[in-house]
């Protein structure tokens, strides 16, 4: 039997998915969680073979939880189930060492097949998402520009960013301006949006 942890914040969807998976003779849902910060503790308690995780989870992002899960329980394979097919999410997922990426509008039998594939050590990536990611341009931002944008996205002011990164205020403003230019953005908020959707932050 393949032991599965199911992480989905929408109860009706979580219970429907669990019900469908229980119809499979070789899959056992051993845990269901509603919040992102419950994923790792539940996995440590139940030791699933595969964790099926939604990206958009309250209290902790699903991809952050997947990265933590890989660090603490590397034998547990992770399958990301999401309604949002952003190429940046695929890049983040690969960095988090997830085993698969499947869209929520996939057929139930495709989800079951994906679980079997990743449980056996394989990888599954939705073809549409893979092709979209291949068409994405390379990241034009330097590491420092990404650091500055990431802190700004978290709500830090340019002066706070300067203090945290040990830079001058003027240097931070220059990094923000160059990021806006490189991303062909309207302003720093737009630059953060573009970089986040592309998976560069």
**Study point:** Test set (1) outside any helix (DSSP H, G or I); (2) under 22 Å from residue 56 (Cβ atoms); (3) in the same structural domain as residue 8 (by TED's automatic domain parsing) - residue 115 fails condition number
**Key:** (1)
Exercise for review: Report yes if residue 106 is touching a residue at least 12 places away in the same chain (Cβ under 8 Å), within 23 Å of residue 51 (Cα to Cα) and surrounded by 20 or more Cβ atoms within 10 Å (Cβ to Cβ), otherwise no.
Suggested key: no
Review point. What about residue 148, is it part of a helix (DSSP H, G or I), crowded, with 16+ Cβ neighbours inside 10 Å, at pLDDT 95 or above and out of contact with any strand residue (DSSP E or B) (no Cβ under 9 Å at 6 or more places or on another chain)?
Key: yes
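In the range 167-195, what count of residues is obtained for those that are part of a helix (DSSP H, G or I) and closer than 19 Å to residue 157 by Cβ? Full working, then the answer.
Taking the range 167-195 and keeping what is part of a helix (DSSP H, G or I), we get 169-182, 188-195.
From the residues that got through so far, the ones that are closer than 19 Å to residue 157 by Cβ too are 169-180, 188-193, 195.
Adding up the residues that qualify gives 19.
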Study note, to complete from the structure: Exactly one of 41, 48, 74 is more than 26 Å from residue 201 (Cβ to Cβ), in the same structural domain as residue 90 (by TED's automatic domain parsing) and in a loop (DSSP other than H, G, I, E, B), and that one is 48
Check your understanding: Only one of (1) touching a helix residue (DSSP H, G or I) at 6+ places or on another chain (Cβ under 6 Å); (2) assigned by TED's automatic domain parsing to the domain that holds residue 63 fails for residue 148. Which number is that?
Key -> (2)
Study note, to complete from the structure: Only unsatisfied item for residue 28, checking (1) touching a residue at least 24 places away in the same chain (Cβ under 8 Å); (2) out of contact with any strand residue (DSSP E or B) (no Cβ under 6 Å at 6 or more places or on another chain), is (2)
**Study point:** Criterion: surrounded by 15 or more Cβ atoms within 10 Å (Cβ to Cβ) and either at negative phi or touching a strand residue (DSSP E or B) at 6+ places or on another chain (Cβ under 6 Å) (or both) - qualifying residue of 65, 83
**Key:** 65
Practice item. Being over 18 Å from residue 107 (Cβ atoms), assigned by TED's automatic domain parsing to the domain that holds residue 123 and touching a helix residue (DSSP H, G or I) at 6+ places or on another chain (Cβ under 8 Å) narrows it down to one of 8, 34, so name that one. Key: 34
Point to revise | The lone exception for residue 161 - which of (1) surrounded by 14 or more Cβ atoms within 10 Å (Cβ to Cβ); (2) modelled with pLDDT of 85 or more; (3) in the same structural domain as residue 29 (by TED's automatic domain parsing) it fails | key: (3)
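The values are calculated or read from the model by the stated rules, or taken from the named source; none is laboratory data. Treat the numbers as computed from the prediction; the structure is a model and nothing was measured. As a convention, Cβ positions derive from the backbone with ideal geometry for all residues, glycine included, and neighbour counts pool all protein chains shown.
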